[in-house]
Amino acid sequence: MTQTQTPPQAAPQYHQTDLPAEELIAQIDRLKQEKNAVVLAHNYQIPEIQDLADFTGDSLGLSVEASKTEADIIVFCGVHFMAESAKIMSPTKKVLLPHLGAGCSLADSITPESLDDWKQDYPDHTVVTYVNSTAEVKAESYICCTSANAVSVVRSLDNDKVLFTPDRNLGRWVAEQVPEKDVVIYDGVCPTHDVLRAASVKSTHEDYPEAVIIAHPECRQDVVEIAHEVCSTTGMLKAVEKYPDAKTFIIATENGMLHQLRLRFPHQEFVAADGCIGCRLHCPYMKITALQDVYFSLCEERYEIKLDDEVIAGARKALERMMAVPRDD
Ligand code: 13P
């Protein structure tokens, strides 16, 4: 099977426009109506895209939304594997990724071939694959999970022997919550989360000693251990509601999340955990999509996600099994 995550060799020509942001947003709205299109955005997208999207959420919420939309076209503002999941859940719809540079180094860390090699060493284990993976890898897996349901997914398995791929930080965190299972973990990471150290979070906490620390489970163990809450990006919105008297929250995830938190909770303060206004907690792939890319994507109906029927069928089974399991939060 070929891997679809890696962008093509010949770089596409991206158009440029001088249209101001308000005009681009108006044109995007017009094109959405004309073409019966929906814009889905991940919580890490630039604020302007989060604000114009019909739905903004975490990987699980976006997959669910993609599976039930009535639209003819889904413009997916996130990264490639997320748009693939939308195509898998809605194979008859046209799914567009506005910028082909929106990859994911964590997803690229496992290929169908490397998964196959690994499975041969553990023939009795059940493969649980984080959605940050290509469609081909999902198709070779028994079940998927996201950070919002990983613990429940692993707990739901009949088999006590589990291969967890590709994120080793999420895998370790899940294994700690489900000690009754033997969880063997692949050696991939999200570089944006893995770069953060507890020392940086502690130094930010010294500036805000009363703050509640919320971390994504893709963070390293030392960070997760000092967090008050560990959850998916949308789980963070629910976590804040548990602390109505807290004034400040330190957020250990990609900095796009700060926008959603500030929008929903305008009277509370949200600070990036790296102590440098989120400049390290910045995913270059998530931030590559600009407003003009969304506009050109809708104008020219590009870049369409195309997957083999066989891959869709296999990956869909793994995603549907996941969706039958409730969220952790
Ligand atoms: P969520 O599913 O929590 O939104 O996380 C997605 C992701 O890619 C984290 O790096």
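Overview of values
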| read-out | value |
| --- | --- |
| Residues (out of contact with any strand residue (DSSP E or B) (no Cβ under 8 Å at 6 or more places or on another chain) and within 11 Å of the ligand (Cβ to nearest atom)) located in region 129-139 | none |
| Filter result for the condition that a residue is within 29 Å of Asp329 (Cβ to Cβ) and assigned to a helix (DSSP H, G or I), over Arg262, Arg280 | Arg262 |
| Qualifying residue in region 300-308 (condition: buried (at least 22 other Cβ atoms within 10 Å of the Cβ) and either within 16 Å of the ligand (Cβ to nearest atom) or free of Cβ contacts under 8 Å to residues at least 40 places away in the same chain (or both)) | no |
| Residue identified as within 16 Å of the ligand (Cβ to nearest atom), of a type in the set (Phe, Trp, Tyr) and within 20 Å of the chain's Cα centre (by Cα) among Tyr186, Tyr142 | Tyr186 |
| Residue in region 58-75 that is surrounded by the fewest Cβ atoms within 10 Å (Cβ to Cβ), counting only those that are within 13 Å of the ligand (Cβ to nearest atom) and over 11 Å from the mean Cα position of the chain (by Cα) | Val64 |
| Of residues in region 156-201 being within 24 Å of Val212 (Cα to Cα) and among the β-branched types (Val, Ile, Thr), the one surrounded by the fewest Cβ atoms within 10 Å (Cβ to Cβ) | Val195 |
| Tally of residues being in contact with a Leu (Cβ under 7 Å, 6 or more places away or on another chain) and more than 12 Å from the ligand (Cβ to nearest atom) across region 221-248 | 2 |
| Odd one out for Phe81 among (1) modelled with pLDDT of 95 or more; (2) away from the ligand (no atom under 16 Å from the Cβ) | (2) |
| Verdict on Thr248 being touching a residue at least 40 places away in the same chain (Cβ under 8 Å) and crowded, with 20+ Cβ neighbours inside 10 Å | no |
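For (1) among the aliphatic types (A, V, I, L, M); (2) outside any loop (DSSP other than H, G, I, E, B), each residue gets a yes or a no:
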position	(1), (2)
Glu22	no, yes
Leu31	yes, yes
Gln45	no, no
Glu65	no, yes
Ala86	yes, yes
Val95	yes, yes
Pro98	no, no
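The values are calculated or read from the model by the stated rules, or taken from the named source; none is laboratory data. Computed from a predicted structure; not experimentally measured. Using ideal geometry, Cβ is built from the backbone for each residue, glycine included, and neighbour counts are taken over all protein chains shown.
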